[in-house]
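Structure record follows, encoded as structure tokens.
The values are calculated or read from the model by the stated rules, or taken from the named source; none is laboratory data. Computed from a predicted structure; not experimentally measured. In this analysis, Cβ positions are derived from the backbone assuming ideal geometry, glycine residues included, and neighbour counts consider all displayed protein chains.
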Amino acid sequence: MTDSPDPRKFARPDGESLAYRIEKPATPAGPTGLTWLGGFKSDMTGTKAGALAEWARAARRNFLRFDYFAHGASSGDFSEATIGRWREDALAAIDALAEGPQILVGSSMGGWIALLAALARPERVKALILIAPAPDFTEELMWKNFSDEVCEILLRDGVYRRPSEYGEEPYEITMKLIEEGRNHLLLGKPIPIKAPIRILQGMADPDVPWKHAMRLVETLESNDVAITLTKAGDHRLSTPEDIARLTQTIETLLAEIEAR
């Protein structure tokens with residue numbers, strides 16, 4: 001089964017709209033649904049999101065995926081985008097579109113958004129699965145690693161167009177994104193999430209170093225945290241073996257939380 005040509009649209013109060021797709025079985029296999037939270041400049045048609053949609057159909061699970069503001073088929077000007085805006089998108093989508101208790105599956109930046117959403121909706125979010133999670137990436141992986149020249153460009157022009165290894169279009173990084181991101185930093189103090197958390201991380205990831213994921217593990221207050229390191233794994237973690245590892249992690253976690 002393939003996706004329909006056009007996603008549905010969810011109106012936001014400011015006149016923008018979020019594109020989304022939902023797998024909604026007639027008789028769900030269990031009460032817990034899943035919400036996909038994608039990465040920076042990615043969208044819901046990516047390999048992992050599509051594979052999880054197929055898995056959800058076969059497993060009879062509710063599954064929501066959507067494009068953030070200024071991503072994919074959603075509306076918005078990327079120069080106006082911020083971590084706070086994407087957090088609000090996620091909360092609005094979960095509140096209005098997701099069904100039942102949720103496992104949030106966050107990839108890269110989506111891992112940061114998933115953590116922020118779990119903090120805001122502890123009653124809805126029963127577990128997290130984070131793939132190469134990048135909390136605080138605007139500060140720790142961008143600003144602190146930028147050369148003096150790039151920082152000067154950002155401070156002078158308000159935007160830096162960074163070449164991308166994942167497409168022809170450069171990443172547009174704004175000073176607004178960096179500065180607003182500082183309102184949502186998590187790694188400086190214990191993160192008060194008690195839910196089970198599973199992390200999948202490649203040790204050959206050039207974008208989010210595996211030690212960044214370990215720093216997150218150390219910062220989380222939950223004791224039910226497990227990380228799986230794949231020595232040759234890259235940032236995408238989209239090989240058939242990676243997808244199989246992801247779906248097995250989901251199935252095991254679903255069984256654990258629904259048995260309680």
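Worth pointing out:
- Pairs meeting the criteria (first residue in the range 35-54 and over 13 Å from SER108 (Cα atoms), second residue among the small types (Gly, Ala, Ser) and in a helix (DSSP H, G or I), beta carbons under 8 Å, at least 6 apart or on different chains) are THR35/ALA90; THR35/ALA93.
- Any strands (runs of 3 or more DSSP E) falling wholly within the range 14-109 and containing at least 1 residues that are over 20 Å from ARG198 (Cα atoms): 17-23, 63-66
- You will find that of ALA213, ALA255, the residue that is under 17 Å from the mean Cα position of the chain (by Cα), part of a helix (DSSP H, G or I) and of a type outside the set (Asp, Glu) is ALA213 and no other.
- Exclusive hit being at pLDDT below 95 and of a type in the set (Asp, Glu), set ASP67, ASP6, ASP43: ASP6
- The test for being farther than 20 Å from LYS144 by Cβ, more than 15 Å from the chain's Cα centre (by Cα) and not in a strand (DSSP E or B) holds for ALA232.
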